[in-house]
Structures are given as C-alpha cells and as structure tokens.
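As structure tokens, the structure follows; a few thoughts come after it.
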Amino acid sequence: MAKQKGLIKIHGTLNGISYYPLGGQYISRIATGPSKERIQTDPAYAKVRANNLEFGMASRLSKAIRTGILETAKEFQDSTMASRLTGVCYKIIKEGSGSPGKREASLTNNPKALKGFQLNQKQSFEQIYTAKPIVTSHKNRRIITLSIPKSSKIHLEKKPKTATHFQLIAALSLVSNYKCRPNQKSYRPVAPKHNGLGITQKSEPLLCKIEHTNLQIQLKTPVKTAVSKHATLIVWFGIQFLKQEKKQFHLLKNRQVMHCITLL
C-alpha cells in the first residue's frame with residue numbers, strides 16, 4: 001500500500017503509479033511489473049510460469065483443431081472463434097492429471113466442454129436444423145459415418161425465405177494428446193503424425209420442400225493405418241442454404257452454421 005509522507009506526499013505505489021523521493025525531488029512514474037527473466041526464474045512466480053505454459057498449450061491445441069478444418073471454418077466462423085476455442089482448450093487442460101504446468105493436454109479430459117461449440121456464436125445450429133445425425137466409426141476410427149434417417153421441412157427451422165435447397169456438411173479434426181516435457185519447459189504431441197489433420201465432405205444440394213430419408217455423409221480420415229489411441233477425432237456438423245436459379249446454385253451468405261457434435 002502507498003505510504004503517506006507529510007501532508008501531500010506519498011511513498012509507495014497507488015493505482016499503478018509509484019511515488020518516491022529521488023535526488024531531493026519527489027518523483028512519480030508508472031509502476032513496472034517484474035522482468036521476463038524474473039518471471040522465468042524466481043520461485044515466487046512458479047504459478048505464473050505454470051499458467052503461462054498451459055495457456056500457451058491451449059493456444060496450440062486450439063490451432064491443431066482449427067488446422068484440421070481450416071478452409072471449412074473460414075466459411076462458418078466469426079471473428080471470436082479462435083479465442084473462444086482457446087478458452088475452451090484451457091479449461092480442458094485444467095482437467096488433466098498432474099500438477100499445474102505439467103498436466104497432460106488431452107481433449108478427452110473434458111469432452112463436454114467442446115461438444116456444442118459453435119463456430120459462430122451468434123447463430124445456434126439447433127435453432128436452424130433439428131434433425132440429429134447418428135455418428136458411427138469403422139475400421140479403427142479411420143472411417144466416420146454420419147447418418148440421418150429422416151429430414152423434412154419441420155427440421156428446417158428459420159430457413160431463409162429465398163432458399164430452395166440446403167446442403168449438409170460434415171468435418172473432422174484429428175488432434176494428438178500433448179504431454180509436458182518439464183526439462184524442455186514445453187509440450188510435445190504424443191502422436192505427431194496424427195495431429196492437425198482433417199477432412200470435410202458435403203452432401204449434394206437437397207430440396208427444402210420435400211422429405212429426405214437415409215441421408216449419409218462418410219468421412220475417411222487421412223490416416224493409412226489405425227488412428228492412434230493418443231489422438232482424438234472431433235466431429236463437426238453444419239448446414240448452408242442455397243438458391244437455385246436455372247441450373248446454378250448460389251450460396252446464401254450469413255446463414256451458414258456449424259458446431260461440434262461429438263468426440264471419438
């Protein structure tokens with residue numbers, strides 16, 4: 001706390017300003033924080049170092065997820081998507097086993113934190129399309145199938161008035177677990193060859209005004225062998241609307257939504 005010296009002088013720090021005597025004059029200046037070197041070496045800042053390391057790992061985990069669906073995400077995301085996803089990853093790391101700064105970074109620590117994540121937080125997928133896909137995996141998680149038994153007009157909530165067709169999109173992000181290497185003061189992927197990969201598939205344009213049955217989208221992971229047990233598959237599901245004019249389909253912008261539906 002600041003210490004009052006005399007009637008008007010303060011010796012100390014108040015509201016981010018340091019007050020102190022120097023050379024017979026009273027000096028005030030903006031208080032500076034600890035140096036980078038001190039933060040990295042002083043035992044008093046051990047918690048700060050641990051938090052910084054885990055937050056940096058959260059950013060890397062978020063980037064690995066986004067890399068897998070990079071081109072697709074550009075069509076659906078808002079300007080806050082990357083930072084929101086990093087925040088979710090930070091919460092997931094906090095659920096990992098081990099001491100702070102050394103916890104394993106695995107999406108399976110808290111899969112519920114990612115389920116339902118919207119690429120654009122201003123639009124909720126469930127309010128636009130209500131049919132629920134059934135997700136199954138085959139051949140050691142190398143092939144993922146999304147099946148929708150029935151899709152009709154009642155499942156298309158808040159459809160744009162000018163839309164004649166809709167298109168369903170399925171995507172995968174393949175992300176490795178990360179483990180801390182204390183000696184290196186960094187995290188490394190456990191399965192680097194299965195990290196930051198992804199694939200996207202779209203259905204054909206589907207008429208809005210009729211019922212569709214037994215819809216399927218199949219995703220083949222870009223992995224030639226079984227997906228590593230140290231990697232997680234994030235399954236994304238989205239929808240976009242189209243307007244047909246003669247034989248051409250035109251995308252109706254600002255009505256595309258995509259969210260995470262499960263982790264495998």
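The values are calculated or read from the model by the stated rules, or taken from the named source; none is laboratory data. Just so it is clear, the model here is predicted, and its values are computed rather than measured. Please note: Cβ atoms are built from the backbone with ideal geometry, for glycine as well, and neighbour counts cover all protein chains shown.
Which residues, taken from region 210-224, are surrounded by 11 or more Cβ atoms within 10 Å (Cβ to Cβ) and either more than 14 Å from residue 133 (Cβ to Cβ) or basic (Lys, Arg) (or both)? The answer is 211, 220, 221, 222, 223.
So which of 232, 225 ends up being under 17 Å from the mean Cα position of the chain (by Cα) and of a type in the set (Ser, Thr, Tyr)? Walk me through it before giving the result.
Numbers: 225 fails: under 17 Å from the mean Cα position of the chain (by Cα).
It is 232.
Could you please let me know if residue 153 is at pLDDT below 95 and touching an Asp or Glu at 6+ places or on another chain (Cβ under 8 Å)? Yes: the conditions hold for residue 153.
Residue by residue, here is whether (1) under 14 Å from residue 116 (Cα atoms); (2) aliphatic (A, V, I, L, M); (3) outside the structural domain of residue 167 (by TED's automatic domain parsing) holds:
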{"position": "225", "(1), (2), (3)": "no, no, no"}
{"position": "232", "(1), (2), (3)": "no, no, no"}
{"position": "235", "(1), (2), (3)": "yes, yes, no"}
{"position": "239", "(1), (2), (3)": "no, yes, no"}
{"position": "253", "(1), (2), (3)": "no, no, no"}
{"position": "256", "(1), (2), (3)": "no, no, no"}
{"position": "259", "(1), (2), (3)": "yes, no, no"}
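Here residue 228 passes the criteria (1) surrounded by 18 or more Cβ atoms within 10 Å (Cβ to Cβ); (2) part of a strand (DSSP E or B) except the one numbered (2).
Given the criteria surrounded by 14 or more Cβ atoms within 10 Å (Cβ to Cβ), in contact with a strand residue (DSSP E or B) (Cβ under 8 Å, 6 or more places away or on another chain), in the same structural domain as residue 233 (by TED's automatic domain parsing) and touching a residue at least 24 places away in the same chain (Cβ under 8 Å), does residue 71 qualify?
no
Checked across region 78-93, the condition of being farther than 17 Å from residue 258 by Cβ, in a loop (DSSP other than H, G, I, E, B) and at pLDDT 90 or above holds for no residue.
For region 87-124, which positions are small (Gly, Ala, Ser) and under 22 Å from residue 230 (Cβ atoms)? Write out each step before concluding.
Of region 87-124, the ones small (Gly, Ala, Ser) are 87, 96-99, 101, 105-106, 113, 116, 124.
96, 97, 98, 99, 101, 105, 106, 113, listed by residue number.
Can you name every one of the strands (runs of 3 or more DSSP E) wholly within region 97-200 that holds 1 or more residues which are under 13 Å from residue 235 (Cα atoms) and in the same structural domain as residue 257 (by TED's automatic domain parsing)? Give the steps one after another, and end with the answer.
Numbers: elements: 134-138, 143-151, 165-176, 178-181, 186-189.
Result: 134-138, 143-151, 165-176.
Every listed requirement among (1) surrounded by 15 or more Cβ atoms within 10 Å (Cβ to Cβ); (2) in contact with a His (Cβ under 9 Å, 6 or more places away or on another chain) is met by residue 104 save one, (2). Hey, could you check region 231-263 for residues that are in contact with a Lys or Arg (Cβ under 9 Å, 6 or more places away or on another chain) and within 18 Å of residue 189 (Cβ to Cβ) and say which is surrounded by the fewest Cβ atoms within 10 Å (Cβ to Cβ)? Restricting to residues being in contact with a Lys or Arg (Cβ under 9 Å, 6 or more places away or on another chain) and within 18 Å of residue 189 (Cβ to Cβ), the top hit is 263.
If you filter region 35-68 down to residues that are over 19 Å from residue 188 (Cβ atoms) and modelled with pLDDT of 65 or more, you find that the one that is surrounded by the most Cβ atoms within 10 Å (Cβ to Cβ) is 66. Residues in region 159-171 that are buried (at least 23 other Cβ atoms within 10 Å of the Cβ) and either more than 29 Å from residue 137 (Cβ to Cβ) or in contact with a Leu (Cβ under 6 Å, 6 or more places away or on another chain) (or both): 166, 170.
Condition check ((1) closer than 22 Å to residue 242 by Cβ; (2) in contact with a Leu (Cβ under 7 Å, 6 or more places away or on another chain); (3) at pLDDT 90 or above) across all residues:
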| residue | (1), (2), (3) |
| --- | --- |
| 113 | no, no, yes |
| 135 | no, yes, yes |
| 157 | yes, no, no |
| 208 | yes, yes, yes |
| 211 | yes, no, yes |
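Can you tell me which residues in region 98-109 are within 16 Å of residue 176 (Cα to Cα) and without any contact (Cβ under 8 Å) to a residue 60 or more places away in the chain? The answer is 109, and nothing else.
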